[in-house]
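The values are calculated or read from the model by the stated rules, or taken from the named source; none is laboratory data. All of these numbers come straight from a predicted model, not from anything done at the bench. Counting neighbours? That spans all protein chains shown, and the Cβs are built from the backbone with ideal geometry, glycine included. Note: accessible area is taken over every heavy atom of the protein model, side chains too, but ligands, DNA and RNA are not part of it. Shrake-Rupley method; radii C 1.70, N 1.55, O 1.52, S 1.80 Å.
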Amino acid sequence: MGRLFGTDGVRGVANADLTAEMALGLSVAAAHVLAEAGTFEGHRPRAVVGRDPRASGEFLEAAVVAGLASAGLDVLRVGVLPTPAVAYLTGALGADLGVMLSASHNAMPDNGIKFFARGGHKLADELEDRIESVYEEHRTGAPWDRPTGSGVGRVRDYEEGSDRYVAHLLGVLPNRLDGLKVVLDEAHGAAALVSPEAFQRAGAEVVTIGAEPDGLNINDGCGSTHLDKIKAAVVEHGADLGIAHDGDADRCLAVDHTGAEVDGDQILAVLALAMRERSVLRSDTVVATVMSNLGFKLAMEREGIRLVQTAVGDRYVLEEMKQHGFALGGEQSGHVIILDHATTGDGTLTGLLLAARVAQSGRTLADLAGVMERLPQVLINVPDVDRTRVGTSSELASAVADAERELGETGRVLLRPSGTEPLVRVMVEAADIEQARSVAGRLADAVKSALG
């Protein structure tokens, strides 16, 4: 069996790859692994379970709750809420485990299971590996001690979860949003209720699209992966800005008043300057991945803010932030982590803070985002190559060195092997798009020659 856990939990087509039996079994295994680790010592364990509005989330939630209760955990069922809300409530309620059922920006047939440890943090890799191992042992017939009588877990709905999360968001805002008109695209997802409520209570005039989930329409032509609708809506309604979430609302992208996209790098740049102004950007440092636009790096250097870069994936950004105590990090895709107030990317919180900066500064989002110039990026996937030799091929190293000399200080090259497929991603940035295309094409040929 291949590794079940990816960079963001276990994910697959619901009822085909991700079955009720698997959801139940993984939940039991997670309970046992955390018990082995001593997490439950001295008290009756408790879990928080939430989901996005996918139809499959209904039966998967039932399976997860059954598994946890059968393993002796009391369960607080919070219903449809964003991933960051489940993480927050796991910490705020002192729960030992949090479980979120969502496939984020994936299409409706998919679903996923994400576990949070005490405090609302993602599980360490070694704990995920142990959960897989125990799950496989149980699946192949290994017995386990089942509690009976008063030892079985109790289940109740925690209806206060939504209000508590919104109150948390509002408590973080440095200023109100009075006078702003904001369009919110909720991707027919998990934030369809809480995000508009938070913006309205903060003082904004709100126009919503993609806020009528029916279990089947999540991410369907809307949200942060399909920005055409929100771009048109911002212009149509004369809004100051637009905020687009994905299905579980752990990310956001933005649109300025002209309908132009503001991506995760630009959002990070705006928030970094705002946080430094408020003296809450610890060590004057922001964390991002190696895929961040070179324009972001140049802007941070010009503004005197240090940039620390990690491997691709918000979990690596978070690990770096936690290890060194940094306050702000994120990805170009819109995963933004404000570690003082969230343990994972939080699209609603990010959107609120971005809108707060617009309101406080009196400047347009277009003006604020202009702190950085996005350099053109060209990305080519080179298939059917030996991705394991990217770092050892002298022929490829020579081609990369030639490309970097040609680009000079105004561009950069990144070769990234896929984690799961026999392909290598060639990414080239340059001030001149035609130069970027030319260099990327030559490097793609070099990858084929060296690794094919």
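Listing for the model above:
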read-out: Loop-resident sites, the range 275-337, for GluC sites (Glu not before Pro), counting at most 16 other Cβ within 10 Å (DSSP); value: 303
read-out: Two-decimal ratio, the range 327-452, of alpha-carbon radius of gyration to 2.2 N^0.38 Å; value: 1.36
read-out: Cut-off under 5 Å, modelled amide H: who pairs with residue 312 long-range; value: 290
read-out: Qualifying GluC sites (Glu not before Pro) for the range 27-58 [loop in DSSP, other Cβ within 10 Å: at most 10]; value: 41
read-out: Amide H contacts under 5 Å for residue 211, placed H, 5+ residues apart; value: 186, 188
read-out: Anisotropy class of the range 53-110 from Cα gyration tensor, a/c 1.5 cut; value: oblate
read-out: DSSP-defined beta bridges in the chain - what % are antiparallel, rounded to 5; value: 50 percent
read-out: Value of [θ]222 nm, deg cm²/dmol, for the chain, DSSP H segments ≥ 4, -39500 (n - 2.57) each, nearest 500; value: -12000 deg cm²/dmol
read-out: Tensor-based shape of the range 14-146 (alpha-carbon gyration tensor, a/c under 1.5 rounded, otherwise prolate or oblate); value: oblate
read-out: Among beta bridges that DSSP assigns inside the range 56-186, antiparallel share in %, nearest 5; value: 65 percent
read-out: Size of electric dipole in the range 54-125: Cβ of Lys, Arg +1 and of Asp, Glu -1, about Cα centre, debye, nearest 20; value: 120 debye
read-out: Longest DSSP-loop-exposure-free segment, trypsin sites (Lys or Arg not before Pro), the chain, at most 14 other Cβ within 10 Å; value: 4-153
read-out: Cα→Cβ-extended label distance, 7 Å offset, between residue 156 and residue 364, nm; value: 5.3 nm
read-out: Rotationally averaged projected area of the range 213-274 (alpha carbon convex hull; nm²); value: 4.7 nm²
read-out: Average accessible area per residue (Å²) across the range 301-452 - probe 1.4 Å, nucleic acids and ligands excluded; value: 44 Å²
read-out: Cα centre as origin, Lys/Arg/Asp/Glu Cβ charges: the chain dipole, Debye; value: 680 debye
